[in-house]
Amino acid sequence: MRIAYADGPLGPLSSPAAIAAAVGHVGPIDLFLGWMVDRPEWLADPALTGRTYMAGFAMTRAVAEGRIQALPMRLSAVPAFIGNWQPDVGVVTGVRRGDGYAFTSSVGYADALALAAKQVVVEVDDDGEDLGAPQIVGNIVATVARPTAPPEAPAAQRPGDAVDTQIGAHLVSLLPHDATLQFGPGGIGEAIANSLTEPVRIWSGLCTDAMAALADRNLLKAPVVTAYTWGGEAVRRLAAAGLLELCSISRTHDLTQVSAIPRFIGCNTALQIGLDGAINLERVNGKVITSVGGHADFCVAASRSVGGMSIVSVRSTNAKGDSTIVPTVEVVSTQRSDIGLVITEHGIADLRGVDDAERARRLIAVAAPEHRESLSAGRNE
């Protein structure tokens, strides 16, 4: 039996065995999993097998051990994959709304999953809040109570430091009037939010507390459009104020819709940036770190938006002191043609309208000073 799980913070936590029991199935199970924040005990089961489009977060260990296969897939392609895969059961998380159920703090691809699956099991979160997400529509055959989340779930983002603040300030200095921003969690995302002084619009895959807090500073020009939320009180205040629009990735990550937004600024990050501007999000030294996710979707859309910009912001060195700007990336997750600017704490490399040789020169200029000589030597070999 094929079982597909919805994803995101507060996504389903029930074990595949519990889901199979809920629909009366006995026998082998083939799994498809999305990104999960919490790491339930069943993910450590050595007999667990399946696949995922997101190798990071809770999936890291299972992917590293080879029990879960990481698929090279953009987030925007997941609904089509699920439709073609034809799951027997789709598992989604919901809150009670009237006589039915609504999605909780995230929608993601759950709406597409509920429609594509032959049977739907709703994991009901009776402690969850209704943030205004769409109603769950599909062949709901069973409900299960949401298990208690493991205590070690990571926070949505680490606090930004001085380096992140520099990067955030560089980025905000580029923004046009009446910009629509997309950015994610983490120190750089927090720094971008904290550096804003002019009202903006937000259209993003994920809404964090740092984004939601823009409403408290009167810096939001419209409701935040997002497929996922990962936060606390600030996100709840945003929803209560009518400034949160939770919807499917079929909208938030749709190339046609997003690229039609004027002055759409895609703000993303990377593990490595090649001297030609190619981006690696997935692995370093053979170790799988995470997956493509929505990175390529937003970079392409931003590069096609009139007045928009596709920006990748990254600290010039990683935790080990290695340069994040490298001669050639280990794997190309997002093509160089979809990257317009690269920002580090050392400045801004504008890659638009220049060839690969000039791109390399501009990228070396914003690399960590201690790595510039070796990068130049590598380029000239």
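Points worth noting:
- When the chain is treated as a Gaussian network with alpha carbon springs shorter than 10 Å, the biggest mean-square fluctuation among Phe264, Phe298, Phe81 belongs to Phe81.
- For region 314-381 versus region 77-107, the inter-centroid distance based on Cα atoms is 40 Å.
- Charge-dipole axis of the chain as Lys and Arg at +1 and Asp and Glu at -1 on Cβ define it, positive-most pick from Phe264, Val292, Val172: Phe264
- Overall shape of region 162-380 was characterised from the C-alpha gyration tensor. The equivalent ellipsoid obtained from it has semi-axes of 30, 17, 16 Å, in decreasing order.
- For the chain, the Cβ-based charge dipole about the Cα centre amounts to some 500 debye (Lys, Arg positive; Asp, Glu negative; other atoms uncharged).
- Stokes-Einstein diffusion of the chain at 20 °C, 1.002 mPa s viscosity, Kirkwood radius from Cα pairs, rounded to a whole number: 101 µm²/s.
- The H on the amide N of Ile140, modeled in the peptide plane, is under 5 Å from the matching H of Val120, each at least 5 residues off or on a different chain.
- Hydrodynamic radius of region 1-44 by the Kirkwood approach over all distinct alpha-carbon pairs: 11.0 Å.
- Amide H contacts under 5 Å for Ser316, placed H, 5+ residues apart: Glu345
- Sites Ala357 and Glu330, calculated FRET efficiency, Cβ-Cβ separation with R0 25 Å, nearest 0.05: 0.70
- Using C-alpha pairs under 8 Å with a sequence gap of at least 6, the mean separation divided by the residue count of region 278-377 gives a relative contact order of 28 percent.
- Taking the DSSP bridge list for the chain and keeping only pairs wholly inside it, about 25 percent are antiparallel.
- Ellipticity estimate at 222 nm from DSSP helix runs (n ≥ 4, -39,500 (n - 2.57)) divided over the chain, nearest 500: -7000 deg cm²/dmol
None of the figures in this text is laboratory data; all of them are computed from the coordinates on show. Since the model is a prediction, treat every value here as computed from it, not as a measurement. All Cβ positions, even for glycine, are placed from backbone atoms using ideal geometry, and neighbour counts span all protein chains on display.
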